[in-house]
Amino acid sequence: MSSPDYPVPLDEEQRLRDLQRHAVLDTPSDPHFERIVSLAAEVLDMPIAVVSLVDQNRQWFLARHGLDAEETPRRVAFCAHTISQDSVLVVPDALKDERFSNNPLVLSEPHIRFYAGAPLHSPEGHNLGTLCVIDQKPRQLAPQQQQLLQMMADLVMRELDLRQQSLRCPVTGLFNRSSFFRFAEIELQHARRSGTPLCLLNVDIDDFRQINNRWGHQAGDRVLLDVCQTIQQRLKPEDLFGRIGDEEFAILFVNCNVADAMHLAEEIRLDIAGMPGVFHHSDYHPYISGGLTSLSPADQAFADLFYRADQALYLAKGNGRNQIARVIDQQ
């Protein structure tokens with residue numbers, strides 16, 4: 001397979017996962033982002049400004065000013081080069097730059113000659129795309145103007161992060177049930193295409209309601225946070241972690257076989273059993289029950305995997321709690 005015409009970031013797989021989990025690709029036009037690109041065009045005196053999100057094989061424009069196209073192939077995208085660095089990329093004259101002189105976006109519409117792009121750097125450490133400005137004539141961008149462009153890109157990223165917060169539980173910061181199912185379905189389809197293993201662990205905090213009943217919801221929230229932080233220490237960046245109910249959580253182990261997932265689940269259970277808790281003077285100590293399963297050829301959707309993990313969780317709770325049970329995968 002030939003190499004692409006653009007540099008591929010070292011974190012490409014996780015970068016794409018981070019982009020997907022922001023859930024903005026192919027969404028309708030939004031006035032907040034449209035205002036930012038209009039501002040960038042006005043402040044920097046450019047005819048074109050766009051917010052470009054760099055997907056696997058394309059760049060898709062979340063917002064655009066002075067440009068009709070909604071997306072272009074990634075192989076011709078200037079922004080595909082910008083996301084491989086952590087500073088503003090400036091191309092004073094594309095016809096004199098060997099990376100772009102034969103690019104169809106230079107030789108035909110929109111006839112790019114000047115380009116400047118600032119990366120959209122997520123809190124997870126990945127460049128999801130750019131805020132870029134374009135002109136049809138060669139020019140320069142002063143250091144102060146480059147700084148302004150990056151500041152506006154940071155505003156775009158902040159807005160993207162605020163949107164993602166609506167997908168998360170306000171107490172734990174984990175993905176809520178609906179967003180967890182949405183992203184888990186994407187991971188399932190990816191595992192199908194790539195032939196990689198996928199395991200799901202559903203978890204309940206044992207006897208959690210006694211915390212709220214005896215010490216109040218503030219104490220319960222503290223236990224939830226402590227348990228979640230303990231679990232997260234065992235997870236990989238690509239794993240998906242969500243709050244499914246009051247005291248129920250789900251962990252999707254990405255590219256992980258069932259033996260390794262069971263080992264991780266037991267480590268998590270022991271970690272939580274070893275927690276001192278938040279009430280040293282009380283008789284309460286946190287424990288969890290868990291149900292584990294793995295992706296099966298018979299699974300039609302993520303809901304099938306989730307139902308099976310819940311069956312295993314009920315088995316663990318019925319057998320005395322503080323244990324991990326596994327349901328054999330359907331063939």
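Any read-out appearing in this document is the output of simple, stated calculations on the displayed coordinates, not a laboratory observation. On a predicted model such as this, the values are computed, not experimentally measured, just so you know. When we count neighbours, we look across all protein chains shown, and the Cβ atoms used for this are built from the backbone with ideal geometry, even at glycine.
Among the lysines, which have Cα under 28 Å from the Cα of Lys96 when same-chain residues fewer than 8 positions away are ignored? In chain and number order, the partners are Lys137.
Inter-label distance, Ser166 to Gln233: 3.5 nm, where each label sits 7 Å from its Cα along the C-beta direction.
Here the spin labels are modelled as points 7 Å beyond Cα on the Cα-Cβ line, and at Asp97 and Asp304 they lie 4.8 nm apart.
Going from the fewest other Cβ atoms within 10 Å to the most, the residues Met151, Met275, Met46, Met262 appear in the order Met151, Met275, Met262, Met46.
Distances between placed amide hydrogens fall under 5 Å for Leu198 paired with Cys256, Leu295, all partners being 5 or more residues away or on another chain. Normalised by 2.2 N^0.38 Å, where N counts its residues, the alpha-carbon radius of gyration of the range 177-326 equals 1.04. Annotation for the range 9-73 versus the range 291-331: alpha-carbon center distance of 40 Å.
Shown for Phe249, Phe183: other C-beta atoms within 10 Å of each C-beta, ranked fewest to most, produce the order Phe183, Phe249.
Each listed q (0.09, 0.10 Å⁻¹) maps to a log10 I(q)/I(0) for the chain, found by the Debye formula over equal Cα scatterers with no solvent: -0.58, -0.69. Of the DSSP H helices in the chain, those with a Cα length along their own long axis of 18 Å or more and a mean Kyte-Doolittle hydropathy reaching -1.0 comprise 31-44, 143-165, 177-194, 217-232, 258-273, 302-318. For the range 1-142, the Stokes-Einstein estimate of translational diffusion at 37 °C and a viscosity of 0.692 mPa s comes to 217 µm²/s, using the Kirkwood hydrodynamic radius over alpha-carbon pairs.
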